[in-house]
Amino acid sequence: MRVRFGTVEEFLEELGLAAEAPPATLTPRILRLTCTYTPVQGQALRATVVAGVMIHHQLIEVQQDCGNVWDMPGDSDASKARVTPADEKTYAQVTAVLSAVRQFATAHAWGVRKWIFAP
């Protein structure tokens, strides 16, 4: 079964409840975390933070839309003239969501690894 949230706040609230319960096994909890960029109208890209964790054979995940950008961070071929204030706002949102999830995982001694769970 899968439980999917649209905001990091709801996701972390649910994980907070799960963190209070003892784990079903002695294996450490691993949280998968990434940011995806998917094409939308024109040449813009939609930035989405995706995170998930398996708890008691149930996938709990969040897919939070952070907005559109014209180029991905670290894209050396992209013209810096294309970075708009809206892009900067989106990058700030991505950073805030990633940071909130990492802070939660660190506080609860969960491992954080890249990428997402496959369907």
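The values are calculated or read from the model by the stated rules, or taken from the named source; none is laboratory data. Nothing here was measured: the structure is a model prediction, and the numbers come from that model. Here the Cβ is made from the backbone with ideal geometry for all residues, glycine too, and neighbour counts use every protein chain on show. All accessible areas refer to the heavy atoms of the entire protein, side chains included, with ligands and DNA or RNA removed. Shrake-Rupley method; radii C 1.70, N 1.55, O 1.52, S 1.80 Å.
Looking only at the range 33-55, residues that are in contact with a helix residue (DSSP H, G or I) (Cβ under 8 Å, 6 or more places away or on another chain) and under 26 Å from ALA18 (Cα atoms) come to 6 in all. Here is a check on your reading of the model: is GLY67 at positive phi, at pLDDT 90 or above and either in a strand (DSSP E or B) or out of contact with any Gly (no Cβ under 6 Å at 6 or more places or on another chain) (or both)? Yes; evaluated as a whole, the condition is true for this residue. Highlighted here are the strands (runs of 3 or more DSSP E) found entirely within the range 1-63 that include at least 3 residues which are closer than 16 Å to ALA118 by Cβ: 30-39, 45-55.
One residue stands out in the range 100-117 among those that are touching a strand residue (DSSP E or B) at 6+ places or on another chain (Cβ under 7 Å), modelled with pLDDT of 90 or more and not in a strand (DSSP E or B): the one that is nearest to GLU9 (Cα to Cα), namely VAL101. Just one of the numbered conditions (1) closer than 30 Å to THR84 by Cα; (2) exposed (fewer than 13 other Cβ atoms within 10 Å of the Cβ); (3) among the β-branched types (Val, Ile, Thr) is not true of THR27: (1). Residue pairs whose Cβ atoms lie under 8 Å apart, separated by 6 or more positions or on different chains, with the first residue in the range 83-95 and on the phi > 0 side of the Ramachandran plot and among the β-branched types (Val, Ile, Thr) and the second modelled with pLDDT of 95 or more and open to solvent by less than 40 Å² (accessible area, probe 1.4 Å), do not occur.
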